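Heads up: the structure comes next, in C-alpha cells.
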C-alpha cells in the first residue's frame, strides 16, 4: 500500500508542477511584451528628441546668419538674439530628416514660443507580436521640446557711432569684438546661442 501512495502523491504533484511552469512562462512572455513596448517608446523618445533639437539648431543657424547680415546695425541685434527677427524660414524639414534617421515620422512640428520647437513623432515599427492582444500593430508616439537660449549680451552705445565701433558681445564671459573687415573671426552660431532639450 505504501508504494501505491507514493505513486499517487507524485501523480497529484505533476499537475501542480505544470501549472507553476505555465505561470512562469506566462510571466516571462508578459515581461517580454513590456520590454518590447518600453524599447519602442524609448525609440520614439530618441527620435522626438533628435527631431526637436535638429529643428532648433537649424533655427539657431538662421538667427546667427541674420546677425551676420545685420552686423553693421546693432539696433537689430537684440531682436535677433530674442528670436523675434522676421523673415526666417521653416526648420521642420530638419525634424523630418532626423526622425527618419531614427525610424520614425513627424506627426507635428512647430514653434514653442520665439525660441523653442516642439515635435511629436510616431515610430515606423510597431511593438510586434506578443501575448498582449492588439499590440502587434501599435506604434509609439512621443513628444519633445528643444529651446534656444541666447548666450550673449551687449550695450548699445549712446548716439551714432561709426561702423568700426560696433559694441562688443559678452557671450557667457567670452568677449567678442565684431570686426566687419574680418567676418571669419566672428562668433559661430553655437557661440551666440545654446540649444538643449527643455527640462
- Computed FRET efficiency, Cβ-Cβ of residue 183 and residue 108, R0 41 Å: what is it to the nearest 0.05? 0.65
- Would you list 183, 41 from fewest to most Cβ contacts within 10 Å? 183, 41
- Item | Simple label model, 7 Å out from Cα along Cβ direction - residue 124 to residue 88, nm | 3.0
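Order of 93, 176, 77 from fewest to most other C-beta atoms within 10 Å?
93, 176, 77
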- Relative to the present Cα-Cα distance, how much length would full extension add between residue 97 and residue 191 at 0.36 nm per residue of separation? 31.4 nm
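Here, each number is a calculation from the coordinates, and none is a lab measurement. These figures come from a predicted structure and were not determined experimentally. Positions of Cβ are backbone-derived with ideal geometry, glycine not excepted, and every protein chain shown enters the neighbour counts.
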